[in-house]
1. For the stretch 56-94, give me each residue that is surrounded by 19 or more Cβ atoms within 10 Å (Cβ to Cβ) and over 21 Å from residue 139 (Cβ atoms).
2. Pick from the stretch 295-316 the residues that are outside any helix (DSSP H, G or I) and out of contact with any strand residue (DSSP E or B) (no Cβ under 9 Å at 6 or more places or on another chain): which of them is surrounded by the fewest Cβ atoms within 10 Å (Cβ to Cβ)?
3. Search the stretch 28-40 for residues being in contact with a helix residue (DSSP H, G or I) (Cβ under 8 Å, 6 or more places away or on another chain) and surrounded by 15 or more Cβ atoms within 10 Å (Cβ to Cβ), and hand back the single one that is farthest from residue 10 (Cα to Cα).
4. Does the stretch 152-159 contain at least one residue that is in a loop (DSSP other than H, G, I, E, B), under 19 Å from residue 94 (Cβ atoms), in contact with a helix residue (DSSP H, G or I) (Cβ under 9 Å, 6 or more places away or on another chain) and in the same structural domain as residue 93 (by TED's automatic domain parsing)?
5. Could you go through the stretch 155-172 and let me know if any residue there is in contact with a strand residue (DSSP E or B) (Cβ under 6 Å, 6 or more places away or on another chain) and buried (at least 20 other Cβ atoms within 10 Å of the Cβ).
6. Scan the stretch 110-129 and tell me whether some residue there is in contact with a strand residue (DSSP E or B) (Cβ under 6 Å, 6 or more places away or on another chain), in contact (Cβ under 8 Å) with a residue 40 or more places away in the chain and in a strand (DSSP E or B).
7. Residue under question is residue 172, and the condition is that it be in the same structural domain as residue 315 (by TED's automatic domain parsing), closer than 21 Å to residue 311 by Cβ and either part of a loop (DSSP other than H, G, I, E, B) or touching a residue at least 12 places away in the same chain (Cβ under 8 Å) (or both); does it hold?
8. Do you know which residues across the stretch 176-193 are within 15 Å of residue 206 (Cβ to Cβ) and touching a strand residue (DSSP E or B) at 6+ places or on another chain (Cβ under 8 Å)?
């Protein structure tokens, strides 16, 4: 069924339900203007234009990798706020990593987005518009979505859940929940709420440390929800959804990448339906963090595998265009400040 909110809105204007269905269909085709809705009268289009606006993502900057065709976008919205998104090609299809907030409150020390602070939440339509803009620009059909761009999705919980239901609707982009991953740094109460919805998406938890001392130092959220409390919520999520959790682990040279750290991590994750995704940390201006050496990552994986915990190193895409989120937006804002000065 098409969106009930839109149906109610049209009913208040004295319009029949099929008009709402028409507009809903056009919106999910990614139109950026009411004039593109060709099966609607000019009079109604004018009325809609006078009372509403279509949230669209305008491309401010685009980088395309010479290595693998990865596309990195800086999008702007109606109010001028900007976010980043990345379009990646895999053997299983086209994946889009989108933002859920403009900026981020979480303040993880290895993240470029967090250094820029938090501006506002994105609406469900602004999340959708990133996907639609990418499809228009690339001519590719997106088959997988990763909510791992700028922002903490569970800090924008209601809007993100609304987006998930819209993007998976058979009247919309019709991307199934099993093709969607949601990444969180660990807002524990929201993990419990998400588990109750049983959406069948993949939950990716940004763990990045085997103990509270390291995690609290690099991820301030851990001072509120410690690792034991977080993993308890993760086990609850697995029990409710029967879905495997992916633990994201940024490998930082000399910080969290020793065999002892791997053994400690293995003990914590023992018996869980999970996968560990090792990520060579990105170089971020203002930090001294360096990615772990390849042999350290191999040793780390070896320890986990001996403990029967599946682990892989994330394939790096778009390395020549700094495809990790936050850096393109930060560069644009730095440039704007320099111009103003």
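The values are calculated or read from the model by the stated rules, or taken from the named source; none is laboratory data. Remember, predicted model here, so these are calculated numbers, not experimental data. Using ideal geometry, Cβ is built from the backbone for each residue, glycine included, and neighbour counts are taken over all protein chains shown.
1. Residues satisfying the conditions are 77, 82, 83.
2. Checking each candidate, the answer is 308.
3. 30
4. There is no residue in the stretch 152-159 that is in a loop (DSSP other than H, G, I, E, B), under 19 Å from residue 94 (Cβ atoms), in contact with a helix residue (DSSP H, G or I) (Cβ under 9 Å, 6 or more places away or on another chain) and in the same structural domain as residue 93 (by TED's automatic domain parsing).
5. Scanning the stretch 155-172 turns up at least one residue that is in contact with a strand residue (DSSP E or B) (Cβ under 6 Å, 6 or more places away or on another chain) and buried (at least 20 other Cβ atoms within 10 Å of the Cβ).
6. no
7. Values: in the same structural domain as residue 315 (by TED's automatic domain parsing): yes; closer than 21 Å to residue 311 by Cβ: no; either part of a loop (DSSP other than H, G, I, E, B) or touching a residue at least 12 places away in the same chain (Cβ under 8 Å) (or both): yes.
So residue 172 does not fit the description; no.
8. Result: 181, 182, 183, 184, 185, 186, 190, 191.
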